[in-house]
Structure formats: C-alpha cells, structure tokens
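**Q** Here it is, the structure, as structure tokens.
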Amino acid sequence: MVLPFAATANPTVLSPTVVTASPMAEPLTVVTDPRAPRQPIPAQDGADILKTIPGFSVIRKGGTDGDPVFRGMAGSRLNILLDGEHILGG
C-alpha cells in the first residue's frame, strides 16, 4: 500500500492558543447609547447607529437612507421598535 506524501510526512504541531473574553451579563443583549459620539463620522440615521453593533449591516437606498440587515434578515423579518411602534424596512 502506498500512502500519499502528506500522510507519511511528519505532521506540524501547533502551539495551543488561548482566547480570553469577559463574560456577558445577559447573552444576546446589546445596549448602545445613540447619543454617544460615533467615530469616524456622526450617524446620519438609525441605520448608521445599528451598523456599529456586531451582526448588523445596511442596504443603502439612496444618499443617506438605508435598510438595516441583521445576519441576513431584513424588512418584515427584522423586528425593530421605535417609541413602541414597529418599523418595517427603512
């Protein structure tokens, strides 16, 4: 039986990697202050504020308007409340 070269060569041993993070107080909960200064430029709309939260992106609709997208979900699949009212899309 003939083995491929990779199976017969000495395997490379990698050193262990340690990843450290602080524990979350509440899993899957992100709290942000919309009045806090944003860098590099101030937010133009609510979509710009959401872009700073991991998992969110924006589909631009013109100059400053945009639809928020959370991990591929947008429009009616994304439940956003503004002053107790549902916001569907941009």
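**Q** Sequence-distant or interchain residues sharing an amide H contact under 5 Å with G66, placed H: which?
**A** When sequence neighbours closer than 5 places are left aside, the close amide H contacts are K61.
**Q** Along the Cα→Cβ direction, 7 angstrom out, place labels at S57 and T29. What is the inter-label distance in nm?
**A** The modelled label-to-label distance comes out at 2.9 nm.
**Q** For a quick protection proxy, order the peptides 70-83, 16-29, 47-60 by their average other-Cβ count within 10 Å, most packed first.
**A** Output ranking for 70-83, 16-29, 47-60: 47-60, 70-83, 16-29.
No lab work stands behind these numbers, since they all come straight from the coordinates. Because the structure is predicted, anything quoted here is derived from the model rather than measured. Neighbour counts run over all protein chains shown; Cβ positions are idealised from the backbone, glycine included.
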